[in-house]
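Heads up: the structure comes next, in structure tokens.
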């Protein structure tokens, strides 16, 4: 029989060794929140797949407004993905005032 439980039965899992994503999902589960319904509603009624994309898989950035809503709902800051680094200013192109259409 193959089990995925780590450690001795009844002692639980050392939370210090769990990744942020697992801790976040456990935090939601402990409160009875479902990622695809409850968390999506808290985030402002987004599509049911969006919370998983920006909170767990981190394939999409978490918008500031949604981060604020999650924090207001009681989600600990340490469980949310880090905000994206600030974008570097791209060099601006010189804007031409001329018309490029040849008639």
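Readers should treat all values here as calculations from the given coordinates under stated rules, not as data from a laboratory. All values derive from a computational prediction rather than experimental measurement.
Applying 0.36 nm per residue to the separation of residue 37 and residue 78 and subtracting their alpha-carbon distance, the gain on full extension is 12.5 nm.
Going by the alpha-carbon gyration tensor, a ≥ b ≥ c the square roots of its eigenvalues, is the stretch 18-73 rounded (a/c under 1.5) or, if a/c is not under 1.5, prolate (a/b greater than b/c) versus oblate? Verdict is rounded for the stretch 18-73. Computed over the stretch 18-73, relative contact order equals 27 percent, with contacts defined as Cα pairs under 8 Å that lie 6+ residues apart.
Extension gain for the segment residue 26 to residue 71, taken as residue separation times 0.36 nm less the Cα-Cα distance, is 14.6 nm to one decimal.
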